[in-house]
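These notes are about the structure you will find just below.
The values are calculated or read from the model by the stated rules, or taken from the named source; none is laboratory data. Source: prediction; values computed, not measured. We place every Cβ from the backbone using ideal geometry, glycine too, and count neighbours over all the protein chains shown.
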Amino acid sequence: MRPGPSVVKAPVAARVTMLGTGTSHGIPMIGCNCSTCRSSDLRDRRLRPSIYIEVPERARILIDTATDLRQQALRHEIARIDAVLFTHAHADHILGLDDLRSFNALQGSPIPCYASRESLDVIRRQFSYVFEGPMQIGGGVPQVTTNEIAGTFFIRGIKIVPVPLWHGRMPIFGFRFGNFAYLTDCNRIPDESWGLVEGIEILVLDALRDQPHETHFTVAEALEVVQRIAPRRTYLTHMTHDLPHARTNARLPEGVELAYDGLVFDIEADVA
Ligand SMILES: [Zn+2]
Ligand SMILES: [Zn+2]
Ligand SMILES: [Zn+2]
């Protein structure tokens, strides 16, 4: 991890694309006939959770290599990834890692990946063929470099603040970029992290469903977090089929809505 420059210049415009807003099964769920899974509203189709952040002339950053990475890259014509940040190493957030091969071929270089030490350990185990070398070259393996997150860091001058969160008993990272934070897969924000999300204007926040869950916020719990952080706009993510898009949106307070796959919005990233 390179220590970043400490002087932060004026923020720059950046764009976030929600590549996937579903829970780990994706929506529709295999074999499910519920009204959300059978809905004709495209916003009810949710791939596995991931976002893409473009900071023009600086970097394109992917958060998590979701199971559906290939489909997400094709849908949004993503042809460049300068870095990958991992929130944690659950299957839905890492299983697309093999698809980074395509970007290696396009870019001709390894892709730097950033994660906690715990997440890197899991990723190295799950993808042992990447890190220990394959039996034979075959279709090739992703070329990545691993960087342990240990506090605020910079990618091509873009300031990234890791926000420690609790995902059940698992410590994971959310990430803040200037006036925006992406807080997925969490059911508790530790005391020391509230200060890190102060002044956020645009928030993406986990809200699994209405029923309580051991590792994710419910909609009601997410709304309590929204009240405390008080962003201008909040998009909820990582939803199960219990939350149909249109009907759920209709009962959310002003300034809060469900994210959907393909949603694009602008943020201001801090740069050095
Ligand atoms: Zn369903
Ligand atoms: Zn998870
Ligand atoms: Zn997840």
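Counting only residues that are more than 12 Å from ligand 3 (Cβ to nearest atom), touching a helix residue (DSSP H, G or I) at 6+ places or on another chain (Cβ under 7 Å) and within 22 Å of His167 (Cβ to Cβ), how many does the stretch 49-77 have?
2
Is it the case, given these coordinates, that Gly4 is at pLDDT 95 or above and part of a loop (DSSP other than H, G, I, E, B)?
It is false that Gly4 is at pLDDT 95 or above and part of a loop (DSSP other than H, G, I, E, B).
Which condition from (1) in a loop (DSSP other than H, G, I, E, B); (2) in contact with a helix residue (DSSP H, G or I) (Cβ under 9 Å, 6 or more places away or on another chain) is the one that Ser119 breaks?
Among (1) in a loop (DSSP other than H, G, I, E, B); (2) in contact with a helix residue (DSSP H, G or I) (Cβ under 9 Å, 6 or more places away or on another chain), Ser119 violates only (1).
Which ones in the stretch 175-212 are touching a helix residue (DSSP H, G or I) at 6+ places or on another chain (Cβ under 6 Å) and assigned to a loop (DSSP other than H, G, I, E, B)?
If the condition is that a residue be touching a helix residue (DSSP H, G or I) at 6+ places or on another chain (Cβ under 6 Å) and assigned to a loop (DSSP other than H, G, I, E, B), then Ile200, Ala207, Asp210 are the ones that fit.
Limited to the stretch 27-48, what total is found for residues that are part of a loop (DSSP other than H, G, I, E, B), within 16 Å of ligand 3 (Cβ to nearest atom) and in contact (Cβ under 8 Å) with a residue 60 or more places away in the chain?
Going through the stretch 27-48 one residue at a time, the tally reaches 2.
Quick check: anything in the stretch 81-95 within 16 Å of ligand 2 (Cβ to nearest atom), surrounded by fewer than 17 Cβ atoms within 10 Å (Cβ to Cβ) and outside any strand (DSSP E or B)?
Yes, there is a match, as at least one residue in the stretch 81-95 is within 16 Å of ligand 2 (Cβ to nearest atom), surrounded by fewer than 17 Cβ atoms within 10 Å (Cβ to Cβ) and outside any strand (DSSP E or B).
From Arg80, Arg15, grab the single residue that is out of contact with any helix residue (DSSP H, G or I) (no Cβ under 8 Å at 6 or more places or on another chain), more than 16 Å from ligand 3 (Cβ to nearest atom) and basic (Lys, Arg).
Arg15
Looking only at the stretch 122-164, which residues are assigned to a strand (DSSP E or B) and among the polar types (S, T, N, Q)?
Once the filter is applied, which keeps residues that are assigned to a strand (DSSP E or B) and among the polar types (S, T, N, Q), the stretch 122-164 yields Thr145, Thr146, Asn147.
Quick check on the stretch 167-194: of everything there that is within 15 Å of ligand 2 (Cβ to nearest atom) and at positive phi, which residue is surrounded by the most Cβ atoms within 10 Å (Cβ to Cβ)?
Filtering the stretch 167-194 for residues that are within 15 Å of ligand 2 (Cβ to nearest atom) and at positive phi, the one surrounded by the most Cβ atoms within 10 Å (Cβ to Cβ) comes out as Asp185.
Here's the yes/no breakdown for (1) among the charged types (D, E, K, R); (2) modelled with pLDDT of 95 or more; (3) away from ligand 1 (no atom under 16 Å from the Cβ):
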site: Thr87; (1), (2), (3): no, yes, yes
site: His90; (1), (2), (3): no, yes, yes
site: Asp99; (1), (2), (3): yes, yes, yes
site: Pro112; (1), (2), (3): no, yes, yes
site: Ala115; (1), (2), (3): no, yes, yes
site: Val130; (1), (2), (3): no, no, yes
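Only one residue in Glu77, Glu148, Glu132 is in contact with a Ser or Thr (Cβ under 9 Å, 6 or more places away or on another chain) and either closer than 19 Å to Ile53 by Cβ or surrounded by fewer than 21 Cβ atoms within 10 Å (Cβ to Cβ) (or both). Which one?
On inspection, the qualifying residue turns out to be Glu148.
Which fully enclosed strands (runs of 3 or more DSSP E) of the stretch 230-272 have 3 or more residues being farther than 14 Å from Leu205 by Cα?
So the answer is 264-271.
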